[in-house]
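The values are calculated or read from the model by the stated rules, or taken from the named source; none is laboratory data. Since the structure is predicted, the reported quantities are computational estimates derived from the model, not experimental observations. Backbone-built Cβ (ideal geometry, glycine too); neighbour counts: all protein chains shown.
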Amino acid sequence: MLIKLIPYILLPISCLCQEIDTSQYIITAETTESLHTFFTKDSLWRGADGAASIDLENGKVLWLFSDSFICLDSSQSRKKSVFIRNSIAIQEGYNLNNASVKFYWDKSKKKPRAFFSSPR
């Protein structure tokens, strides 16, 4: 019965979709040494696969990271890292040439854990 309903569910949704002309947008990216190394200064936080930032004003930026690698020692190796679901950072200063960043995750247990966790 559910399979017979699928066209009636998808048809209205497909009619609402609209093609968007993206030719008017230009996406550029630039990199400098300071941009490249900004997030690699911490010896334990070894990267994440997703990021979002929120300007907290007064030169502070909150960074929210998804899946993150946290190294268990100061070797700076991903091979010696654990995988956690999320981490955050606070950036002090807008100019990356002299700004600082501090990373946070749950350090209350023996192994690093996600900063945000869902109740079980």
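Hey, can you tell me all the residues within region 77-120 that are within 16 Å of Lys41 (Cβ to Cβ), among the hydroxyl-bearing types (Ser, Thr, Tyr) and outside any strand (DSSP E or B)? If the condition is that a residue be within 16 Å of Lys41 (Cβ to Cβ), among the hydroxyl-bearing types (Ser, Thr, Tyr) and outside any strand (DSSP E or B), then Ser77 is the only one that fits.
The set of residues from region 48-71 being farther than 17 Å from Ala99 by Cβ and surrounded by fewer than 16 Cβ atoms within 10 Å (Cβ to Cβ) comprises Asp49, Gly50, Ala52, Ser66, Asp67.
Residue check: Asp21 meets all listed conditions (1) without any contact (Cβ under 8 Å) to a residue 12 or more places away in the chain; (2) in contact with a helix residue (DSSP H, G or I) (Cβ under 9 Å, 6 or more places away or on another chain) but one, namely (2).
Filtering region 101-120 to residues that are of a type outside the set (Lys, Arg) and loosely packed, with under 11 Cβ neighbours inside 10 Å leaves Ser108, Ser118, Pro119. When you look at Phe115, is it over 24 Å from Ser34 (Cβ atoms) and either in contact (Cβ under 8 Å) with a residue 60 or more places away in the chain or touching a Phe, Trp or Tyr at 6+ places or on another chain (Cβ under 6 Å) (or both), yes or no? Yes, satisfied.
Suppose the filter is over 18 Å from the mean Cα position of the chain (by Cα) and of a type outside the set (Phe, Trp, Tyr); does Lys111 pass it? Considered against the rule, which asks whether it is over 18 Å from the mean Cα position of the chain (by Cα) and of a type outside the set (Phe, Trp, Tyr), Lys111 comes out as yes.
With Ile20, Ile3 as the choices, which residue is exposed (fewer than 10 other Cβ atoms within 10 Å of the Cβ), part of a loop (DSSP other than H, G, I, E, B) and modelled with pLDDT under 75?
Values: Ile3 fails: part of a loop (DSSP other than H, G, I, E, B).
Among Ile20, Ile3, only Ile20 is exposed (fewer than 10 other Cβ atoms within 10 Å of the Cβ), part of a loop (DSSP other than H, G, I, E, B) and modelled with pLDDT under 75.
Within region 21-47, count every residue that is of a type outside the set (Ser, Thr, Tyr) and touching a Leu at 6+ places or on another chain (Cβ under 9 Å). Matching residues across region 21-47 total 3.
Checking the conditions here, which among Ser100, Ser117 is of a type outside the set (Lys, Arg) and either over 16 Å from the mean Cα position of the chain (by Cα) or modelled with pLDDT of 95 or more (or both)?
Values: Ser117 fails: either over 16 Å from the mean Cα position of the chain (by Cα) or modelled with pLDDT of 95 or more (or both).
Result of the check over Ser100, Ser117: Ser100.
Where strands (runs of 3 or more DSSP E) sit wholly within region 31-70, those with at least 1 residues that are more than 19 Å from Arg113 (Cα to Cα) and within 16 Å of the chain's Cα centre (by Cα) occupy 51-57, 60-65.
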